[in-house]
């Protein structure tokens, strides 16, 4: 932990991200892809296949914006839980470095959130004239329907307000639960890395060719490097630190298992058509609005017809998402090895494994689209 702490404090990735965000100008980055084409809104769908080259780049840029809005929401959760879990270790002199580590990471997360939202907002305004995919932080949880739940962050999606309150109090008073929060955080780290590694490889490819590197691509690269320290923290906390304390009681085991179980139920529960490579929502109301912006200029009816084509049949984008989903499942299973307090359904991520087929995604999309189209036609 000491080595990880020193390396993190000696790095300057956060500062580089902050500078890129402050200097970001969409027009200077608009002519370039920010990541591989497969990481584009509705990639592989009939809309994408019919799009012009400039529209395809726009969908690539909007993917970055939406993906990092969602990452920002989860990192906002992380800010809270870093502080809460630090309280559980603060009374122990031997764990002072943990508290310092979490303080540093919390400060870095604040810069990350600000950078992601700033670049995303500027991108949407430039492309659409408004923010279609950004859910303001002022939006109250009770105002978020199912389509907006990802904007609560991974932590906010997995619990009711009462459940979150109970969990927060419990982990602040139990070193075991505090350390095992980092099992859930580690899963979140892997979820992020699953896509961000692709952005990072894209960055390295451009760098090797000495091509122009768009600012958002560089932000993705530096964020992956920054988060590598956070991932190391999650690994150490979840797999090593808890061994220093008494074995968990029944209640502690239950809560630790519930955290992983709820992630499977509420987050890792299927494939997104709108945001390939993720387990996010399809954001159908936002897609409906996107199709009616000047970028595509569709009427209400045209937008619905296009959405039906995109969501209600198999397409290449779903196979891309399935590829990322299976890779993530494999990574999570490796990460959870050796955590004997987890039940088999959680340690093996059985619910996640059962939810990752293209066929199930299409069936879920059809149900969701029918419900959405009825709500629009009322």
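Each value in this text was obtained by applying a stated rule to the coordinates, not by laboratory testing. Everything quoted here is computed from the prediction, not taken from an experiment. All Cβ positions, even for glycine, are placed from backbone atoms using ideal geometry, and neighbour counts span all protein chains on display.
Annotations
- Computed over region 2-377, the ratio Rg/Rh where both radii use C-alpha atoms and Rh is Kirkwood: 0.97
- Highest-MSF residue in the chain out of 233, 321, 293 [GNM, Cα springs under 10 Å]: 293
- GNM flexibility winner over the chain from 75, 240, 316 (Cα, springs under 10 Å): 240
- Global form of region 179-274, assessed from the alpha-carbon gyration tensor, a/c cut-off 1.5: oblate
- When all alpha carbon pairs of region 247-296 are counted in 5 Å bins from zero, the resulting P(r) reads 4, 18, 15, 14, 12, 10, 9, 7, 5, 3, 2, 1 %.
- Ranked 135, 279, 312, criterion: other C-beta atoms within 10 Å, fewest first: 312, 135, 279
- Where labels lie 7 Å past Cα in the beta-carbon direction, separation of residue 166 and residue 367 in nm: 2.6
- Centre separation in Å (Cα based) which lies between region 18-54 and region 234-312: 22
- Of 55, 235, 301, the residue with the greatest mean-square motion in the GNM of the chain, using alpha carbon springs below 10 Å, is 301.
- Mean sequence separation of contacting Cα pairs (under 8 Å, at least six apart), scaled by the length of the chain, corresponds to a relative contact order of 22 percent.
- Cα centroid separation, region 315-358 to region 178-227 (Å): 20
- Counting other Cβ atoms within 10 Å as a rough exposure proxy, the listed residues 64, 34, 251 run 251, 64, 34 from fewest neighbours to most.
- Calculated mean residue ellipticity, 222 nm, the chain: -23000 deg cm²/dmol, from DSSP H runs (n ≥ 4) at -39500 (n - 2.57) each, averaged per residue and rounded to 500.
- Calculated over region 187-344: convex hull of Cα atoms, volume per residue (Å³): 154
- Against the chain, whose longest principal axis comes from its Cα atoms, helix 175-209 is set at around 40 degrees.
- Between 0 and 90 degrees, the angle of helix 161-173 with respect to the longest Cα principal axis of the chain falls at about 30 degrees.
- Compared with the dominant principal axis of the Cα atoms in the chain, helix 215-239 is inclined by about 30°.
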